[in-house]
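The structure appears below as structure tokens.
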Amino acid sequence: MKNSTVHAWLYGVALALAGLPLAMISAPAVAQALIVNTGNFNPPPCDYSDQFYQDNGVDPTQVIGRFGTSRLTGPPARSASQVNWVADPTCATNDPDRRNFRILATTGGFTDNGTNAPNAFISILGFLNNEAAFETTYTRLAGTHDITIANSNNPRGISMESIVSNFEAYAMVKQRLPNGQFATNPCATDAASPLAPPTPCFDVSTVNTVYTPNLRQDWRFAQNRNAMDGSDNNCISNNPTICGPNAPTVLSDSPFGYFCDDLLGMWIVTYVWLTQDPANATPACQAVYQQLEAENGFSLDGGPIIITPNDTDNTLEGSGCGAEGQLTTGDGGAIWLICPAIPDPRNGAIAADAFLDQVFLPNGQPQNPTMTANFVALQTTGQFPGDGDGSVP
Amino acid sequence: MVARRDFIKLAAVATAASPFILSNSARAAQKKLRIAKWAHFVPEFDVWFASVARAWGEQHHVKVSVDVIPVEAVAAVAAAETRAGKGHDVFIFPWPPAQFYQHAIDHGAVYQLVAAKYGAVQQLAHRSTFNLRTGKYSAFADFWMPTPLQFRHDAWAKVGMGLGPLTSTGLRTGARQLREKFGLPLGFAFTPTLEGNVTLHTLLYSHRAWLLDGNGAVLFNKNVFAVQALKYIESLYRESGSPEQLSWGSAGNVQAMLAGKASATSNAINLVRAAETKDPQLAGGIWLQPPLLGTNGMGVTALPHVTNCSVVWNFGRNQDVATQFLADLVDSSRAGYEKSLGCNFPIYPKTVPDLIVRLSKDPHADPALKYTALKDALHWTPNLGVPGFATPAYMEIFNSFLIPRMVQSVLKGERSPEDAAASAAAEMQTIATKWQQV
């Protein structure tokens, strides 16, 4: 329930955060999750075991920047003393599909479930930039039956690559170049929009280019794309209350649920960019940018923050003032992320030593204080602020 | 105009054997049922269909005949019949015949008959055959064909995409490399054919370049998506296409793939089924994938290659018989699935309840799980006309090949993408206005 109490609480948290840098708890080399609240039945996130990667069609040796193996420090951690992950012997105990490296870096984002709230929290375990990372053949005897990958298809007869194509994570890479120029396309010819000059372009040649310090705003995740938002315009149920001509158009019962099919929590990265410099845009695009800026605020590039599918698909891209695209094998940059969303970030899933990976303003303040407030509340109380769902009050 | 001799006469007279069974009075009262149907991509299906129709006729004391019409002639023959106010009792189209709604009975009765056995009408069928203005069903849909991506696995593996392209960027990159390195062009149909129509309507839709909205208003070129999509198609053609793509006749893309002269195409699975018959080794190298991930938030999607829609003309003399025939025909959906070599996906899932199992255990599949790529086809296949219904205006746009003509004008260098989109939008507006005034 959104009442004045909730508003005041959030405001207080935001103010507190505005005045102080995020508390950085120095993590020991080996640690156990420090869970401070009661009812902590959701274990915090850990990296998957090699076997689980393989069972789900991904060669773990091809995962770039895999937490638990590399990227102990550096982005997304913001200070030299902060680590992104710690060894934790409880991981595999809590979940045998995990290995004993617990992830502290918790990346925040906007969810696509219709609320557009900054309440999606994920763990960026690693990146893939080549189709070769997907297994073509694999066999393991699991109990009384084999788990097999044959011709790239998993035991259910689907390739992981195909499943992942249904789940988009929207990356908004900085377009303002160090020399002040505004790049209106990515440096990837085939992904570039024909609506803007190919140069100057912004770098997408390595996975590092989607590290948080290189983003102009926080991520958006379509974890519910096919389940709830109806964006595939498809509905096949015979139940007229779900799919009938008078049913709500937002309902859809499409293939692949993020949490039940995409077991590695993978995403295909969809890069979204502005096709004009907001500081020097045509009147038409200026109007579009200003509308979005009024609704969502400013990104680090000076243009608008983009939050909702409507912002992206209709307002921005429909006017030609923005574009989107994916990279492909050979481009070098991140094509896929292995970054499972935390199914339920409440009740212990955000450990006391976890830290929020989000976009910060030059003055050190978080770009989205509500996201910060959500994280802090989850970390300290195990609940969203005011027992809500983390939506913008 | 299609000459009568162009029709393939499959099953003429059911009474050839039955006069000895029927009484004189029964013979005198015997009704006729003349069926016109589009020529299926799997010819054996039409032979089977004729036999089923004949058997049904014998059972119901109806004299049944079936005329098979080449796909490219279907629209013209149907138009001729409606102009003349006479023709077949049942006319079966490979797409929603919304343009002819004024000449069709309300097929809601057929859906009701079938519902008792097989459940309510599915969304794909509902949105393909329901006329929002009249509140009636202008046709009855009983099966459809998904349009997966079909690609040469061996070739795409050479450019690091053994699973084929999954995104529009991947298609562009991989297809270009295949033509550059191996002289193997892309095999997407860009012609005024059914294949070209479905391919191009899908490419536009998956770029969010929608033609009409749910109320029938023209959306095309009201934003940048149309020009964006046209520029993408232009890039595909320029970088990875072949001149033949602009001159193929019906199923030209299929022939190119079967001849090993194309790297990938978008089509119903009759392509790979034909390969299994003619060249199993080639078939083993052609893999399937769901359609490409669309851009601008469109997700994985492709329009149906076929939406099998039957119409009972309201000027027909045997409407009751025709209605019963269509309802009873659904009983044969399982056999139809088999006789079509798995091309015909049932509108009523209960008729082929083990579809997923069949896809995963297809005896001809090489590799073994090839057809599992289709298991979620209903999820990624919206109706022609999406985001609205298959309206008369949309289907006139479809059948007049406005989209292939627009694309060809760009690919041949006759118009810029901007001019072509503007011209096509104007033509769409004329069509939409016309139907609003009907």
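Only the coordinates and a few stated rules stand behind these numbers; no lab work does. Bear in mind that the values here come from a model prediction, so they are computed numbers and not experimental data. Positions of Cβ are generated from backbone atoms using ideal geometry, with glycine treated the same way; all protein chains shown enter the neighbour counts.
Here are the numbers for the structure shown:
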{"quantity": "Positive minus negative residues near residue A:214 (Lys, Arg vs Asp, Glu; Cβ under 15 Å)", "calculated": "+1"}
{"quantity": "Euclidean distance between Cα centres, segment A:281-326 to segment B:276-307, Å", "calculated": "34"}
{"quantity": "D_trans [Stokes-Einstein, Kirkwood Rh over alpha-carbon pairs] for the protein assembly as shown, 20 °C, 1.002 mPa s, µm² s⁻¹", "calculated": "75"}
{"quantity": "Least to most buried among B:133, A:216 (fewest other Cβ within 10 Å first)", "calculated": "B:133, A:216"}
{"quantity": "J(HN,Hα) series, segment B:410-419, from Karplus relation 6.51 cos²θ - 1.76 cosθ + 1.60, nearest Hz, glycine and proline x", "calculated": "6, 5, 8, x, 7, 9, 6, x, 5, 5"}
{"quantity": "Acute angle (nearest 10 degrees) that the helix B:225-240 long axis makes with the longest principal axis of chain B, alpha-carbon atoms", "calculated": "70"}
{"quantity": "Residue-count net charge about residue A:328 - beta-carbon cut-off 10 Å; Lys, Arg +1, Asp, Glu -1", "calculated": "-2"}
{"quantity": "Whole-number D in µm² s⁻¹ for chain B, Kirkwood Cα-pair radius fed into Stokes-Einstein, 25 °C, 0.890 mPa s", "calculated": "110"}
{"quantity": "Packing-based exposure ordering (other Cβ within 10 Å, fewest first) of B:149, A:125", "calculated": "B:149, A:125"}
{"quantity": "29 Å Cα-Cα reach of residue B:86 towards lysines, excluding residues that sit fewer than 8 places from it in its own chain", "calculated": "B:9, B:31, B:32, B:37, B:63, B:136, B:434"}
{"quantity": "Within-15-Å neighbourhood charge of residue B:341 [Cβ basis; K, R +1; D, E -1]", "calculated": "+1"}
{"quantity": "Average partner coverage of A:158-167, which counts Cβ from other chains inside 10 Å", "calculated": "6"}
{"quantity": "Gain upon complete extension [residue A:70, residue A:140; 0.36 nm per residue less C-alpha separation]", "calculated": "22.5 nm"}
{"quantity": "5 angstrom amide H check on residue A:219, placed H, neighbours 5+ away", "calculated": "A:110"}
{"quantity": "Tail fraction, Cα-Cα pairs, segment B:310-438, threshold 25 Å, whole percent", "calculated": "54"}
{"quantity": "Span from the segment A:52-71 Cα centroid across to the segment B:58-129 one, whole angstrom", "calculated": "54"}
{"quantity": "Test item: B:374-382 mean partner chain Cβ contacts at 10 Å", "calculated": "5"}
{"quantity": "Contour minus Cα-Cα distance for residue B:157 and residue B:106 (0.36 nm per residue)", "calculated": "13.3 nm"}
{"quantity": "Using θ = phi - 60° and Karplus 6.51 cos²θ - 1.76 cosθ + 1.60, couplings along segment A:337-344 (whole Hz; Gly, Pro as x)", "calculated": "10, 9, 8, x, 6, 6, x, 9"}
{"quantity": "For chain B, share of DSSP beta bridges that run antiparallel, in % to the nearest 5", "calculated": "70"}
{"quantity": "Residue-wise HN-Hα coupling along segment B:167-174, computed from phi with Karplus coefficients 6.51, -1.76, 1.60 (Hz; x: Gly, Pro)", "calculated": "10, 5, 5, x, 4, 5, 5, x"}
{"quantity": "Principal-axis tilt of helix B:319-329 within chain B, Cα atoms, nearest 10 degrees", "calculated": "60"}
{"quantity": "Semi-axes of the equivalent ellipsoid for segment B:37-80, Cα gyration tensor, largest first, Å", "calculated": "22, 14, 5"}
{"quantity": "Cross-link partners of residue B:261 among aspartates and glutamates (Cα-Cα below 12 Å; sequence separation of 8 or more within a chain)", "calculated": "B:244"}
{"quantity": "Lysines whose Cα lies under 26 Å from that of residue A:174, excluding same-chain neighbours fewer than 8 positions away", "calculated": "B:231"}
{"quantity": "Under 5 Å, built H, 5+ apart or other chain: amide partners of residue A:120", "calculated": "A:109, A:111"}
{"quantity": "Long-range HN-HN contacts of residue A:202 with modeled amide H, under 5 Å", "calculated": "A:185, A:187"}
{"quantity": "Exercise: per-residue mean of other protein chain Cβ atoms within 10 Å, B:172-184", "calculated": "2"}
{"quantity": "Likely footprinting exposure, B:247, B:206, fewest C-beta neighbours within 10 Å first", "calculated": "B:247, B:206"}
